[in-house]
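Inspection log for the structure reproduced underneath, given as structure tokens.
The numbers here are math on the coordinates, done by the rules we state, and not lab data. Worth saying up front: this structure is predicted, and the values here are computed from it rather than measured. Glycine also receives a Cβ, built like all others from the backbone with ideal geometry; neighbour counts cover every protein chain displayed.
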Amino acid sequence: MILKGNAWKFGDNIDTDAIIPARYLNTSDPQELAKHVMEDADRDFPSKMKAGDLIVAEANFGCGSSREHAPIAIKASGLQAVVAKSFARIFYRNAFNIGLPIFESEEAPDKISEGDVIEIDADKGVIRNITKGEEYAAKPIPPFMQELISAGGLIEWTKRRLKAS
Amino acid sequence: MTITEKILAAHCGKKKVSPGELINAKVDLILANDITAPIAITEFKKIGAKNVFDKDRVAFIPDHFAPQKDIKAAEQCKMLRDFSKDYDLGLYFEVGRMGVEHALLPEQGLVGPGDLVIGADSHTCTYGGLGAFATGVGSTDVASAMATGECWFKVPESMKFIYFGKLKKWVGGKDLILHTIGDIGVDGALYRAMEFMGETISSLPMYARLTMCNMAIEAGGKNGIITPDSITEQYVKGRAKRGYTFYSSDKDAKYVEVREYDCSKIPLTVSCPHLPSNTKPAAELSHVTIDQVVVGSCTNGRIEDLREAAEIIKGKKVHPDVRMIVIPATQQIYLDAMKEGLAEIFVTAGAVFSTPTCGPCLGGHMGILAKGEKAIATTNRNFVGRMGHPESEVYLSNPAVAAASAVKGKIATPDEVV
């Protein structure tokens, strides 16, 4: 899987209230949620981002609540992936469970500038900065997470398990 | 093994588990609320399972936007009600019988020592106060577990936090956990188990233990946990609806990090905007004027919390420029507060005394902040926009500091008021 898009930069500890504020959680309609993605981190973000773009953030992305609405809002808005130095653990689970590609990299967030064209080779774990002509390593995706991805998410994985038992 | 490892091992049929190991474990209880259950229900139906794995081990609690704050919230709550009827769930709590989930389930004896609990709510870690392994997950995790009764986990590394020394007056569980988060940061325990122990914890009452474990997530922790003891036994005796097991860490259990705190030096602590780790002594914040005070939530909405706030505010008035909102976390606490005269103390002082709800804690309803307004709250998060407008501010404190601040109209310590 190759993902290519323009980078939007965010800082440390982007919490789930910033990704999708609770005032919009009286619905779980992905398209409604997408209208407000990252709104409390950057008020203009929903209008200026384009489908296919990528988020590049610092440490502890997705901290705070367990709301799956956060990765859902990101995915439904058309953002292709999130690269961060680290992810909060519930967000990490949720992203794999619903099929939002996320990548951990120490180096990439330091080197990537806003607007850089980024290409991620998910299978090789390589993040290429087309604008700057650089390459950064992404942490390998753990085997179980790869199993979830290839099953098409946790629900499909659970279906298979129930069928097998 | 640590207590966390022992509980996980017991739930996946293994004699031993080690940090980093991936396991599929049986869950004792699954919970979701009116924000997270709708997605769980939709995903559960995609699996095609005829029934939930055990109708008495799936709890649906409409508490966040309930009593239903608007039409959309009402539709979401209705999904919980309809599903609970269709699938004959034994643990659905209707408005009027519900409470803030993490106060309600321990109170009703539905979670207990040695349990493995998952909830589609990040503060599920609260039950570690009882000596359970409890952690927040997403809605899809809940959907899968509703069908199978199992959930996947990576066994976490454990961090040991030792508390010793006598607590200063008015300093409690909230101050200890805010101080700890201030020390290690909002990702200081990322992916890890936080085990709280030491002489101060051994004498800490159950409500304060629940408060501490409740906020393990604010340090990035997978779970917070306290070894069950006689205080735990006293709390669960006659209350537990299922059998329970006391686990404790072995003497040679391994910890990635050990931290010690001299509690006699921990001050009344406040987290300033916009991170729980941004802590300062309350005494240094007397310049901060406030517009709203909230006493309640899964962190500090228990009867002891209300007693503490009432002790401060009794016979006094809420400052003319301040709105004070007191929210007992469950119907039982609401009743107890009425019987004990606490409700009258609050209302006489000029405060609101509300029905149980998460309400303002997450900026849902029942006390939303306008642009530029500041609140001090006994809740658990102070992120940008958490209680309302993105340009409002939330300070986190214990109930006594919140009540003292309500009287003064600015952040204050209890000694300035009583």
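What FRET efficiency comes out for B:E233 versus B:V347 if R0 is 45 angstrom and r is the Cβ-Cβ distance? Round to the nearest 0.05.
Values: r = 36 Å, r/R0 = 0.81.
According to the calculation, E is roughly 0.80.
Could you order the peptides B:245-253, B:51-59, B:213-221 from most to least packed, using the average number of other C-beta atoms within 10 Å per residue?
Numbers: B:245-253: 13.6, B:51-59: 18.0, B:213-221: 29.1.
By packing density, highest mean first, the sequence is B:213-221, B:51-59, B:245-253.
What residue among B:P67, B:I23, B:F93 has its Cα farthest toward the positive end of the dipole of the stretch B:1-107, where the charges are +1 on Lys, Arg and -1 on Asp, Glu, each on the Cβ?
The listed residue farthest towards the positive side: B:I23.
Pick out, from B:T413, B:L306, B:G367, the residue whose Cα sits farthest towards the positive end of the charge dipole of chain B, with +1 on the Cβ of Lys and Arg and -1 on the Cβ of Asp and Glu.
Of the listed residues, the answer is B:L306.
First measure r as the distance between the Cβ atoms of A:I149 and A:S47, then evaluate 1/(1 + (r/R0)^6) with R0 = 35 Å and state the FRET efficiency to the nearest 0.05. Mind showing how you got there, number by number?
On the way: r = 31 Å, r/R0 = 0.88.
The pair A:I149/A:S47 has a calculated efficiency of 0.70.
So how far apart, in nm, are the two label points at B:E416 and A:K111 if each is 7 Å from Cα heading toward Cβ?
Placing both labels 7 Å along Cα→Cβ, they lie 5.1 nm apart.
Report the number of Lys pairs in the stretch B:269-412 whose alpha-carbons are under 24 Å apart, with separation of 8 or more residues or on distinct chains.
20
Could you check the simple spin-label distance between B:K46 and B:S202, using points 7 Å along Cα→Cβ, in nm with one decimal?
5.0
Obtain the nm distance between the two label points defined at B:R259 and B:D183 by a simple spin-label model: each point lies 7 Å from its Cα along the Cα-to-C-beta direction.
0.6
Using only the Cα atoms of the protein assembly as shown, what semi-axes does the equivalent ellipsoid have when each is the square root of 5 times a gyration tensor eigenvalue? Give whole Å, largest first. If you can, show how the numbers build up before the last one.
Values: eigenvalues 245, 152, 116 Å².
For the protein assembly as shown, the ellipsoid semi-axes come out as 35, 28, 24 Å.
Separation of the stretch A:114-140 and the stretch B:354-395 by C-alpha centroid, Å?
39
To the nearest Å, what is the center-to-center distance of the stretch A:1-77 and the stretch B:119-196, using C-alpha atoms only?
25
For the stretch A:1-53, compute the orientation-averaged projected area of the C-alpha convex hull (one quarter of its surface), in nm². Provide the component values of the computation, followed by the final result.
Working: hull surface 18.0 nm².
For the Cα atoms of the stretch A:1-53, the hull's average projected area reads 4.5 nm².
Sequence-distant or interchain residues sharing an amide H contact under 5 Å with B:T269, placed H: which?
Under 5 Å from the amide H of B:T269 lie the amide H atoms of B:A282, B:N398, each far enough along the sequence or on another chain.
Based on the Cβ-Cβ distance of A:K4 and A:R161, what FRET efficiency does E = 1/(1 + (r/R0)^6) give at R0 = 56 Å, to the nearest 0.05?
Values: r = 34 Å, r/R0 = 0.60.
Efficiency at R0 = 56 Å is approximately 0.95.
For a 19 Å ceiling on Cα separation, which of these pairs sit above it: B:K168/B:K237; B:K50/B:K72; A:K9/A:K50; B:K154/B:K251? Please list the in-between numbers first.
Values: B:K168/B:K237 30 Å; B:K50/B:K72 28 Å; A:K9/A:K50 14 Å; B:K154/B:K251 23 Å.
From the list (B:K168/B:K237; B:K50/B:K72; A:K9/A:K50; B:K154/B:K251), the Cα-Cα distance tops 19 Å for B:K168/B:K237; B:K50/B:K72; B:K154/B:K251.
From the C-alpha gyration tensor of the stretch B:283-405, pull out the three semi-axes of the equivalent ellipsoid (sqrt of 5λ each), sorted largest to smallest, in whole Å. Could you put the intermediate results ahead of the total?
Values: eigenvalues 94, 51, 28 Å².
The answer is 22, 16, 12 Å, longest axis first.
Scattering from the C-alpha atoms of the stretch A:73-158 alone, worked out with Debye: what is log10 I(q)/I(0) at q = 0.19, 0.20 1/Å?
The computed values of log10 I(q)/I(0) come out as -0.88, -0.97.
Run the numbers for B:M338 and B:E75: contour at 0.36 nm per residue of separation, minus the present Cα-Cα distance, in nm.
On the way: separation 263, 0.36 × 263 = 94.68 nm, distance 3.17 nm.
Value of the extension gain: 91.5 nm.
If you take the square roots of the eigenvalues of the alpha-carbon gyration tensor of chain A and sort them as a ≥ b ≥ c, do you get rounded (a/c under 1.5), prolate (a/b over b/c) or oblate? Numbers along the way, then the final one.
On the way: a/c = 1.75, a/b = 1.10, b/c = 1.60.
Oblate, because a/c is 1.5 or more while a/b does not exceed b/c.
Give me the extension gain from B:R307 to B:A283: residue separation times 0.36 nm, minus the current Cα-Cα distance, reported in nm with one decimal.
Here the answer is 6.4 nm.
Using alpha-carbon pairs under 8 Å, 6+ residues apart, how would you state the relative contact order of chain B in percent? Before the final figure, lay out each step's value.
Details: 1083 pairs, mean separation 70.9, N = 418.
In percent, rounded to a whole number, it is 17.
Rounded to the nearest 500 deg cm²/dmol, what is the calculated helix-only ellipticity per residue at 222 nm for the protein assembly as shown, with -39500 (n - 2.57) per DSSP H run of length n ≥ 4? Please list the in-between numbers first.
Working: 22 runs with 182 residues, N = 583.
Calculated mean residue ellipticity at 222 nm is -8500 deg cm²/dmol.
Calculate the mean, over all residues of peptide B:118-127, of how many other protein chain Cβ atoms lie within 10 angstrom of the residue's Cβ.
Numbers: counts 1, 1, 6, 4, 10, 2, 2, 0, 0, 0.
So the per-residue partner count for this stretch is 3.
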